[in-house]
């Protein structure tokens with residue numbers, strides 16, 4: 001009985017738009033499933049919120065303020081595959097949008 005070593009790639013996605021992030025995750029899952037990779041998992045990471053407090057008028061009414069926030073949504077896609085399949089090249093050539101940041105960690 002021969003045991004085949006499995007390779008793992010972690011793809012970390014960040015975006016301000018959660019719908020764009022979900023479609024990018026789905027594209028990665030579709031690419032991997034079209035190449036006979038069965039083990040694909042998506043992990044949702046906590047959303048990071050940056051809140052900015054701005055005075056409405058610069059010289060008077062210090063109690064009057066506005067709050068703005070930026071939300072950064074994050075996902076990790078873990079792909080377990082056999083070393084005979086070159087998944088990394090397929091992910092690099094894929095047509096993902098440029099509005100989401102992609103970080104890869106190959107271990």
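The values are calculated or read from the model by the stated rules, or taken from the named source; none is laboratory data. Since the structure is predicted, the reported quantities are computational estimates derived from the model, not experimental observations. Note that we place each Cβ from the backbone using ideal geometry, even for glycine, and neighbour counts take in every protein chain shown.
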Review point. Of the residues 9, 3, 31, which is surrounded by 13 or more Cβ atoms within 10 Å (Cβ to Cβ), at pLDDT below 85 and out of contact with any strand residue (DSSP E or B) (no Cβ under 7 Å at 6 or more places or on another chain)?
Key: 31
Review point. If residue 51 satisfies every condition in (1) surrounded by fewer than 11 Cβ atoms within 10 Å (Cβ to Cβ); (2) under 29 Å from residue 85 (Cβ atoms) but one, which is the exception?
Key: (2)
Practice item. Could you run through the stretch 15-62 and say how many residues are assigned to a strand (DSSP E or B) and over 11 Å from the mean Cα position of the chain (by Cα)? Key: 13
Point to revise | Qualifying residue in the stretch 92-107 (condition: surrounded by 11 or more Cβ atoms within 10 Å (Cβ to Cβ), modelled with pLDDT of 85 or more and not in a helix (DSSP H, G or I)) | key: no
Exercise for review: Check whether at least one residue in the stretch 66-81 is part of a loop (DSSP other than H, G, I, E, B) and either modelled with pLDDT under 90 or in contact with a helix residue (DSSP H, G or I) (Cβ under 8 Å, 6 or more places away or on another chain) (or both), and report yes or no.
Suggested key: no
